[in-house]
Amino acid sequence: MSAAAGAIIAAPAAELVASDVERALAEDLGAGDVTAALLPDAPESAYLLCKEGAVVCGRPWFDACHRALDPDVRIEWRVSEGERVPAGTVLATLQGRTRALVSAERTSLNFMQTLSGTATATAAHVDAVRGTPARILDTRKTLPGLRIAQKYAVRVGGGDNHRLGLYDAVMLKENHVRAAGSIGAAIAAARASQPGLPLIVEVETLDELRAALEAGCDRILVDDFDAADRREAVRIAGGRIPLEVSGGVDLPSLRAIAEDGVDCISIGGLTKHVRAIDLSLKLGPPPA
């Protein structure tokens with residue numbers, strides 16, 4: 001279930017959010033905001049405006065940006081994390097110091113627009129397969145340093161996470177199989193070395209699929225199969241091992257792929273091809 005549909009998605013640990021924010025503010029502020037220093041540092045209000053339809057994501061990072069520069073800032077959210085909002089929605093109001101509000105503006109918006117973009121794109125893909133058994137997965141094709149944040153945004157948008165990194169699942173791809181000599185040999189080595197980790201095997205032909213099914217694993221990734229081979233793969237697997245589709249997937253083709261009976265569809269574009277949501281932070285009270 002997506003956050004927009006009512007699921008509660010746990011945010012990353014506060015320490016991780018704080019680390020992301022510290023790095024981002026350091027690269028923007030450097031030795032100090034020389035323009036904000038020209039302003040009178042008086043109490044001021046502001047509001048966060050969403051200029052297009054979106055799934056809201058990134059509140060913990062937005063809050064942390066502003067509190068890092070003004071611990072006494074008051075932020076009142078009008079929407080929930082994961083909520084779908086129309087264009088023109090005021091997402092939050094703020095009460096703080098002028099200099100801190102404008103100095104934190106860009107960094108806080110960068111987090112919100114990027115993570116809302118990821119959540120919004122994910123929600124569109126989840127909507128496209130609704131009613132089928134297929135789950136939408138992300139990949140490791142994330143923005144460097146923001147993997148946990150983006151994978152959180154995928155969950156907020158209703159998707160599921162693939163492995164987090166190279167450490168939490170064994171995934172045998174073409175080069176691994178070639179180096180091992182065969183799919184069977186690669187799977188045997190993986191089971192012997194890492195028996196407690198999930199094992200995913202990528203196959204490129206129906207013969208490789210049969211070999212993976214015979215050797216046994218936790219999921220089989222059928223890479224760049226055409227529609228006929230994909231349907232045959234579903235028939236051969238017969239529900240024994242979940243099938244994941246990857247490669248050559250776009251939103252227009254997504255429904256047909258899901259209806260072929262695959263279990264998962266992984267899409268690197270959810271986190272790689274990020275289109276930021278149009279947001280703005282404006283000083284003053286929100287429009288009536």
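The values are calculated or read from the model by the stated rules, or taken from the named source; none is laboratory data. All of these numbers come straight from a predicted model, not from anything done at the bench. Every residue, glycine among them, receives a Cβ derived from its backbone with ideal geometry; neighbour counts consider all protein chains shown.
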Condition check: more than 10 Å from the chain's Cα centre (by Cα) and either assigned by TED's automatic domain parsing to the domain that holds R74 or closer than 30 Å to S45 by Cα (or both). Does L101 satisfy that? yes
List every residue pair whose Cβ atoms sit under 9 Å apart, with the two residues 6 or more apart in sequence or on different chains, where the first one lies in the range 246-268 and is outside the structural domain of K173 (by TED's automatic domain parsing) and farther than 22 Å from I236 by Cβ and the second, anywhere, is at pLDDT 95 or above and in a helix (DSSP H, G or I). none
Exactly one condition in (1) farther than 30 Å from S253 by Cβ; (2) of a type in the set (A, V, I, L, M); (3) assigned by TED's automatic domain parsing to the domain that holds Y152 is false for I136; which is it? (1)
Within the range 122-129, does at least one residue satisfy the condition of being among the charged types (D, E, K, R), touching a helix residue (DSSP H, G or I) at 6+ places or on another chain (Cβ under 9 Å) and surrounded by fewer than 22 Cβ atoms within 10 Å (Cβ to Cβ)? no
Any residue in the range 95-115 that is part of a strand (DSSP E or B), surrounded by fewer than 18 Cβ atoms within 10 Å (Cβ to Cβ) and either touching an Asp or Glu at 6+ places or on another chain (Cβ under 7 Å) or of a type in the set (A, V, I, L, M) (or both)? no
Looking at (1) under 26 Å from I265 (Cα atoms); (2) of a type outside the set (A, V, I, L, M); (3) part of a loop (DSSP other than H, G, I, E, B), which one does D72 not meet, given that it meets all the others? (1)
Out of L146, L199, which single residue is farther than 30 Å from W61 by Cβ and surrounded by fewer than 23 Cβ atoms within 10 Å (Cβ to Cβ)? L199
Within the set of pairs 6+ apart or on separate chains, which have a first residue in the range 86-103 that is over 25 Å from A37 (Cβ atoms), a second that is crowded, with 18+ Cβ neighbours inside 10 Å and basic (K, R), and C-beta atoms under 9 Å apart? L91/R59; A92/R59
Pull up the range 116-143, narrow it to residues that are touching a strand residue (DSSP E or B) at 6+ places or on another chain (Cβ under 9 Å) and part of a loop (DSSP other than H, G, I, E, B), then point me to the one that is farthest from L164 (Cα to Cα). V129
Can you tell me which of (1) assigned to a loop (DSSP other than H, G, I, E, B); (2) over 19 Å from the mean Cα position of the chain (by Cα); (3) of a type in the set (A, V, I, L, M) is the one A92 doesn't meet? (1)
Complete set of residues in the range 27-58 that are surrounded by fewer than 15 Cβ atoms within 10 Å (Cβ to Cβ) and among the β-branched types (V, I, T): V34, T35
When the range 220-259 is examined, which residues are found to be of a type in the set (V, I, T) and not in a helix (DSSP H, G or I)? I220, V222, I241, V245, V249
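Conditions (1) under 18 Å from P12 (Cα atoms); (2) touching a helix residue (DSSP H, G or I) at 6+ places or on another chain (Cβ under 8 Å); (3) modelled with pLDDT under 95, marked per residue:
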site	(1), (2), (3)
Y152	yes, yes, no
L164	yes, yes, yes
Q194	no, no, no
C217	no, yes, no
Quick check: anything in the range 42-65 more than 27 Å from A288 (Cα to Cα), touching a strand residue (DSSP E or B) at 6+ places or on another chain (Cβ under 9 Å), of a type in the set (A, V, I, L, M) and not assigned by TED's automatic domain parsing to the domain that holds G145? no
Conditions: (1) in a loop (DSSP other than H, G, I, E, B); (2) charged (D, E, K, R); (3) touching a Ser or Thr at 6+ places or on another chain (Cβ under 6 Å). E81 meets all but one. Number of the miss? (3)
